[in-house]
Amino acid sequence: MILGLGLTSPSHAWQDADKDGVPDIKDACQNTAPNIAVLANGCPIEAKASAPTEAIVCDIHDPSTYAAADCHNIATARVYFEFAVAEVDLSQWKALALVKAFLEANDVSLILVGHTDIVGTPEFNYQLSLQRAQNVKRILVEDYGFDPQRFTVVGKGISEPVADNYSSEGRRLNRRVQFIVKESYL
């Protein structure tokens, strides 16, 4: 038993179904083929092809392509945070993988908007919301390799709740970073 919590083995915390060395909770590309080199997010390292490959078309200005099942609606993407924490939890990397796919398919810049729940001082919450957005940007730049100039970081603190701050579920939904398309990246 681990620390009296009734857990019999720590192995449940590290499951790697496709055996690529990345835990399933962080693996954005589960079911990687054997012996394929992967990035920290579990997705294969893409070799530079000599011939162009066909990409998914997800043009945000063309509703016929943007509505395709393979396109991610960036307006609904959210990265959620634990109470008073600015670090991105491993459970949120799947949401970041969707943002990555969107950015790869669209030459746009994003505004990363950090938010908090109402607990704490306005000053603390403003700084926390800013740190959350900065940490999401850091992952997009350092782990996914995007140009940092594609991102603007904004902290909103407690000013724009999306749910009731008087319930624990509402506060959980308010602790987030959301993504807004800014303009063409070119």
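General remarks:
- Out of Ile111, Ile74, Ile60, sole residue that is modelled with pLDDT under 70 and in contact with a strand residue (DSSP E or B) (Cβ under 8 Å, 6 or more places away or on another chain): Ile60
- Just one of the listed residues (Lys156, Lys182, Lys100, Lys137) is under 21 Å from Val22 (Cβ atoms) and not acidic (Asp, Glu), namely Lys100.
- Single match in Leu173, Leu140 (criterion: in contact with an Asp or Glu (Cβ under 9 Å, 6 or more places away or on another chain) and touching a residue at least 12 places away in the same chain (Cβ under 8 Å)): Leu173
- Qualifying positions in region 107-130 - assigned to a loop (DSSP other than H, G, I, E, B), crowded, with 18+ Cβ neighbours inside 10 Å and touching a residue at least 60 places away in the same chain (Cβ under 8 Å): His115
- Residue satisfying all of: in region 80-98; part of a loop (DSSP other than H, G, I, E, B) and among the hydrophobic types (A, V, I, L, M, F, W, C); most open to solvent (accessible area, probe 1.4 Å) among these: Phe83
- Looking only at residues of region 20-50 that are modelled with pLDDT of 70 or more and among the polar types (S, T, N, Q), we find that the one that is farthest from Lys94 (Cα to Cα) is Asn35.
- Top-ranked residue in region 7-19 [being in a loop (DSSP other than H, G, I, E, B) and open to solvent by 50 Å² or more (accessible area, probe 1.4 Å); ranked as modelled with the highest pLDDT]: Ala17
The values are calculated or read from the model by the stated rules, or taken from the named source; none is laboratory data. Everything numeric here is computed off the predicted structure, so don't read it as measured data. Positions of Cβ are backbone-derived with ideal geometry, glycine not excepted, and every protein chain shown enters the neighbour counts. The accessibility values were calculated without ligands, DNA or RNA, using every heavy atom of the protein model including side chains. Shrake-Rupley method; radii C 1.70, N 1.55, O 1.52, S 1.80 Å.
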